[in-house]
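To start, the structure itself, in structure tokens.
The values are calculated or read from the model by the stated rules, or taken from the named source; none is laboratory data. Since the model is a prediction, treat every value here as computed from it, not as a measurement. Counting neighbours? That spans all protein chains shown, and the Cβs are built from the backbone with ideal geometry, glycine included. With ligands, DNA and RNA removed, areas are computed over all heavy atoms of the protein, side chains included. Shrake-Rupley method; radii C 1.70, N 1.55, O 1.52, S 1.80 Å.
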Amino acid sequence: MTRHESDTERTFAALPPAHGRGFAQTWWGQAWLTALEGTALDSAQLKTGRRLARAGAVGAVSVRPGRLTAVVQDRDRTAHRADVLLEELSPEQWERFLDMTAERAGHVAALLDREMPPHLVEDAAEAGVHLLPGLGDLEPECDCEAWDHCGHTAALCYQVARLLDQDPFLLLLMRGRAEDTVLDDLQTRSGASAAQASAPEGVDAAEAYATGDILPPLPHLPGLPDAPGVPPSLDTGTPPAPGVDPAALEFLAARTAVLAHGLLGEALDGGFRAEWPPAHDAVRLAAGDPGRDVADRLAEGSGRGREGLATAVRAWRHGGTAALSVLDEEWGVGGEALARARASLDSAWDSDERPELRARGNRWTLVGAPVQLRLGRDGRWWPYRKESGRWQPAGGAAHDPATALASVTAPASAESAPTEGESA
């Protein structure tokens, strides 16, 4: 990436070909593509755009307020200038967005980490500021003179989805302001708020006396500790009572402290999100790397056994309760869910690149390879690989089946996929 002298324009070198992979890994990158794919009237042009982007036919991408630009080459090497326009935020909208963001330290921290949490976008929308494009917001311009999105503007949008994955500040630049400007404005607002909060304010004596019966406001919520608390040691030198395992109790107390720390962080950040069925609790505890004795008790108590619990822990670390549900559940895909799944598979690859998959319920197995895709009830695809006769979770979920499949690297000596009589 190179920067122009003006901070209001950034130019990114052409990205390498991306055969067999999706274009967006983050939820905001997916939202960008939804705005494109839900608007374009010609699905064939979208497929052409995906093919051109995967082949590396999109040149350097220029990003500036209200406009994206790149030169895109057709298969016959004919070059076309493609532009995509996005409406900039008004000065009043920027003021509302900056005021709202400065009030929430978590929003600023997320942006500095190159992330765009959903609650930031939701809070902005409540303030009347729509950061992500909606249907019809990505306006195409191309010298091929197509009146709708053509393969060239579609290829540009697919390539920009990859860039947005890496840096959501590009979206703010398209909306009108560069990264440095946004951060400077946020710092100024945060400093002013801190100074105002620390400045003493006088109160008229008569007014204070008149309002003496009114309770004062509640104090501010405490800050989140840097780390979970450390439970006291139970090694007192006194033999424990029969049936009491001090090591197991210490582990449970430590994991509870970690969970409480996480729940407090979520509460201070806007709401609780860590919920799971009680049956998943043994897996959550096992994911905390307990000692052998505690792990054995969890394996027995959960009814999974050692190998089953290890597989469940692997799933949990890839995606928590959603990944564990996909591991445990096999369900029949039908009706609208089946139609969406087939459409997702058909659009993920060109016809000459599409792998051969055999479906059984919500599980699609790659023919001739120990690789499988599992469809979750939320429409996301989870990669699996067969290892030592057992299907094992191989990565996190993706909305695009091509992305999920590309994340699985099957060893050359791995076992073959199950035959028709084997369980998928």
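Can you tell me how many residues within segment 23-56 are farther than 15 Å from residue 142 by Cβ and part of a helix (DSSP H, G or I)?
Looking only at that region, the number is 16.
Let me confirm something: among 36, 68, which residue is at pLDDT 90 or above, open to solvent by less than 70 Å² (accessible area, probe 1.4 Å) and under 26 Å from the mean Cα position of the chain (by Cα)?
68
Test residue 314 against the stated conditions and say whether it is open to solvent by 20 Å² or more (accessible area, probe 1.4 Å) and without any contact (Cβ under 8 Å) to a residue 40 or more places away in the chain.
Here the answer is no, as residue 314 does not meet what is asked.
Would you pick out the residues in segment 64-105 that are of a type in the set (Val, Ile, Thr) and within 15 Å of residue 141 (Cα to Cα)?
Matches in segment 64-105: 69, 71, 72, 84.
(1) crowded, with 20+ Cβ neighbours inside 10 Å; (2) more than 27 Å from residue 49 (Cα to Cα): which one isn't true of residue 287, the others all being true?
(1)
Might you let me know whether segment 171-183 holds any residue that is loosely packed, with under 15 Cβ neighbours inside 10 Å, of a type outside the set (A, V, I, L, M) and within 28 Å of residue 92 (Cβ to Cβ)?
yes
I need a count of the residues in segment 346-363 that are modelled with pLDDT under 85 and either part of a helix (DSSP H, G or I) or not hydroxyl-bearing (Ser, Thr, Tyr) (or both).
8
Could you tell me whether residue 84 is surrounded by 16 or more Cβ atoms within 10 Å (Cβ to Cβ) and touching a Pro at 6+ places or on another chain (Cβ under 7 Å)?
yes
Can you confirm whether residue 162 is basic (Lys, Arg) and more than 21 Å from residue 49 (Cα to Cα)?
no
If I go through segment 364-410 residue by residue, how many of them are more than 16 Å from residue 23 (Cβ to Cβ) and not in a loop (DSSP other than H, G, I, E, B)?
Selection size over segment 364-410: 18.
For segment 351-408, name all the residues that are within 17 Å of residue 324 (Cβ to Cβ) and open to solvent by 60 Å² or more (accessible area, probe 1.4 Å).
377, 378, 380, 390
Taking the condition open to solvent by less than 20 Å² (accessible area, probe 1.4 Å) and at pLDDT 90 or above, does residue 61 pass?
yes
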